[in-house]
Number of protein chains: 2
Amino acid sequence: MFHILLALSGGERHGYAIMKQVEADSQGKVSMGPGTLYGSLKRMLDAGLVDESDKRIDPEMDDQRRIYYRITGLGAQALAAELERYRRIVALAQQRKLLPRGFYVA
Amino acid sequence: MFHILLALSGGERHGYAIMKQVEADSQGKVSMGPGTLYGSLKRMLDAGLVDESDKRIDPEMDDQRRIYYRITGLGAQALAAELERYRRIVALAQQRKLLPRGFYVA
DNA sequence: CTTAATATATCCGCAGCGGATATATTACTT
DNA sequence: AAGTAATATATCCGCTGCGGATATATTAAG
């Protein structure tokens, strides 16, 4: 669910594109099969984390079977909360020297 | 499992102490009940991620029922891999402006 | 023209989580 | 001294969500 939300944070995407995005986001480490994807999407639709989008990008060229999904406000909130949880864990791990600290100078 | 590994990364701990550590590490957001804890520990022992420790810290004062758990090399590897996965996700989220970028100057 | 990639969908096993419950000990309070 | 709360380990079991298998059709490529 988290990976789907992350994939959708960059804009609307249809199922197959979400799969590819998840794989790209994780450097191929997370490969999401159709079972996980469409099962999760169904649950997420019910939970109001994502919406089906009406608009079809380029209806001529587009595969008509495509169903585009969009992250909702609630979905964005859930994603932000989860990302913050991740951030805290990374910060904690850096404090404990379990992860090297990144350098960034503005 | 991840939270247990993280809790044990600071040194050996008995079950109840792990629960408390997990709660502390997550600012009370993750509360791990005995079902999750001891069930996970059993699986992790089987998987070789943790070991039971023989030594009892302060045998006089100590509750004799206490069983101390220690992270193994394999467990440390799994934790490191998972933390690295987290770090990458946080970095990605920062690139996409989903998370504010932290400042750190050496 | 045929093969691979794209695209959506369902089914079902099952691992792992999580609340409930049990039980005993230790520490604290009055 | 008694009683209450916190400490400590353990098992049971329901159920959610993941994940491989399978199915099917379309589009792109060579």
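FYI, it's all coordinate maths here, none of it is from the lab. Predicted, not measured: the structure shown is a model, and the values here were computed from it. Ideal geometry is used to build each Cβ from the backbone, glycine not excepted, and the neighbour counts take in all protein chains shown.
Taking segment A:8-50, which residues are more than 12 Å from the chain's Cα centre (by Cα) and polar (S, T, N, Q)?
A:Q27, A:S31, A:T36 - these are the residues of segment A:8-50 that are more than 12 Å from the chain's Cα centre (by Cα) and polar (S, T, N, Q).
With the checklist (1) surrounded by 12 or more Cβ atoms within 10 Å (Cβ to Cβ); (2) more than 11 Å from chain A (Cβ to nearest Cβ); (3) free of Cβ contacts under 8 Å to residues at least 40 places away in the same chain in hand, flag the one item B:I4 doesn't pass.
Status for B:I4: all satisfied but (3).
Which residues, counting only those in segment A:4-55, are near DNA strand D (Cβ under 10 Å from one of its atoms) and outside any helix (DSSP H, G or I)?
Across segment A:4-55, the qualifying residues are A:V30, A:S31, A:M32, A:G33.
If you check every pair at least six apart or on different chains, which have Cβ atoms under 8 Å apart with a residue in segment A:21-48 that is within 12 Å of chain B (Cβ to nearest Cβ) and on the phi > 0 side of the Ramachandran plot first and a residue that is surrounded by 13 or more Cβ atoms within 10 Å (Cβ to Cβ) and not in a loop (DSSP other than H, G, I, E, B) second?
A:Q27/B:R88
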